[in-house]
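Each reported figure results from applying straightforward, stated rules to the coordinates on display, with no laboratory input. Keep in mind that this is a model prediction, so the values were computed, not measured. Here the Cβ positions follow ideal geometry from the backbone for every residue, glycine too, while neighbour counts run over all protein chains shown.
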Amino acid sequence: MIRVCPSILNVERAILSETIASIESSADLLHLDVMDNVFVPNQTFTFAQSEKIIKETSLPVDAHLMISDPDDQAFKYAQAGAASVTFHLEASANPLKTIEAIKEHGARVGIALKPDTGFEKLAPLLEFIDMALIMTVEPGFGGQSFMQTMMGKVEEARKEIDALDFKDIWLQVDGGISLETILIARAAGADTFVAGNAVFKADNPITAIDLLRRTAATY
Ligand code: DX5
Ligand code: ZN
């Protein structure tokens with residue numbers, strides 16, 4: 001199963017609703033990047049704006065929290081109706097508690113790793129989560145170049161996930177995904193792909209999503 005999750009980070013806010021509506025027929029999940037200007041040097045959607053997006057779209061929302069206090073905040077996104085809530089391991093003092101708080105509200109749980117964080121930090125938590133997110137750029141901004149050096153980490157994650165075959169754990173990559181890099185990430189074992197610029201800078205976002213999915217499927 002291959003999933004393409006368009007990231008609306010760089011979509012012009014004035015046309016956000018129409019833009020989201022326009023990809024509802026082809027995206028698998030809507031990737032919502034939440035940044036607080038503390039965990040990363042950028043600020044995006046407030047909680048109220050996130051809530052509105054989650055309520056308005058027919059797509060399942062994949063919330064990616066780049067915030068410094070996920071242990072206090074993450075459950076709110078699940079409560080608001082996000083289908084999946086991902087927090088950064090680097091920002092969490094009590095990941096097990098946060099995992100439970102998200103699950104309690106019926107969302108899938110993801111844990112994200114920045115490029116400098118090794119997979120061994122996440123490995124002991126893998127059996128408790130539904131998705132591992134390996135960042136392929138430094139979190140904070142769209143439009144950066146894909147870090148191919150992260151593929152070792154993706155391969156490692158794939159191996160560990162396959163060993164836990166009683167659970168449906170997704171393996172997501174985020175940052176610099178294009179028609180070229182999606183194949184590289186797919187080959188390393190990713191099955192869930194975030195794409196910002198590759199979708200929304202394309203002439204036709206719907207065609208771009210389908211092409212990304214079909215390209216990944218050729219591997
Ligand atoms: C970066 C965000 C990404 C970003 C991806 O911190 O987490 O989701 O929007 O954008 P592209 O695909 O353009 O790299
Ligand atoms: Zn993201």
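If you restrict to DSSP beta bridges whose two residues both lie in the chain, what percentage is antiparallel, to the nearest 5? So the antiparallel bridges amount to about 5 percent of the total. Gyration tensor analysis over the Cα atoms of region 159-199 returns equivalent ellipsoid semi-axes of 23, 10, 6 Å (largest first, whole Å). Annotation: amide H of LEU133 within the under-5 Å range of ILE111, ALA112, LEU113, GLN172, sequence separation 5 or more or interchain, hydrogens built in the peptide plane. Amide H to amide H distances under 5 Å link VAL61 with LEU30, ALA83, SER84, where only residues 5 or more positions off or on other chains count and H is placed in the peptide plane. Cross-link partners of LYS52 among aspartates and glutamates, defined as those whose alpha carbon lies under 15 angstrom from its own and excluding same-chain residues fewer than eight positions apart: GLU18, ASP33, ASP62. Each residue of region 52-62 was assigned a 3J(HN,Hα) from its phi angle through the Karplus expression (A = 6.51, B = -1.76, C = 1.60, θ = phi - 60°), giving 5, 5, 4, 5, 7, 8, 7, 7, x, 9, 9 Hz with x at Gly and Pro. Put simply, when 25-37, 107-119, 61-73 are sorted by average Cβ atoms within 10 angstrom per residue, most first, you get 61-73, 25-37, 107-119.
Phi-derived couplings, Karplus 6.51 cos²θ - 1.76 cosθ + 1.60 at θ = phi - 60°, listed residue by residue for region 65-82: 8, 9, 10, 7, 10, x, 4, 9, 9, 4, 4, 4, 6, 5, 4, 6, x, 4 Hz, with x used for Gly and Pro. Just so you know, the Cα atoms of the chain work out to an Rg and Dmax of 15.7, 45 Å. Placing +1 on each Lys and Arg Cβ and -1 on each Asp and Glu Cβ, with no other charges, gives the chain a dipole about its Cα centre of roughly 240 debye.
When the P(r) is computed for region 82-185, the part past 16 Å accounts for 56% of the Cα-Cα pairs. For the cross-link pairs LYS121/LYS159; LYS76/LYS114; LYS76/LYS97; LYS97/LYS159; LYS97/LYS121, the ones whose C-alpha atoms lie over 19 Å apart are LYS76/LYS114; LYS97/LYS159.
Taking the Cα centre of region 60-148 as origin and assigning +1 to Lys and Arg Cβ atoms and -1 to Asp and Glu Cβ atoms, the resulting dipole is close to 140 debye.
Rounded to the nearest 500, the 222 nm mean residue ellipticity of the chain from helices alone is -10000 deg cm²/dmol, with -39,500 (n - 2.57) taken per DSSP H run of at least 4 residues.
Please report how far the C-alpha centroid of region 18-89 lies from that of region 177-214, rounded to the nearest whole angstrom. Cα centres, region 18-89 to region 177-214: 20 Å.
Sequence-ordered 3J(HN,Hα) estimates for region 94-101 from the Karplus curve with 6.51, -1.76 and 1.60 and θ = phi - 60° stand at 9, x, 5, 5, 5, 4, 5, 5 Hz, glycine and proline given as x.
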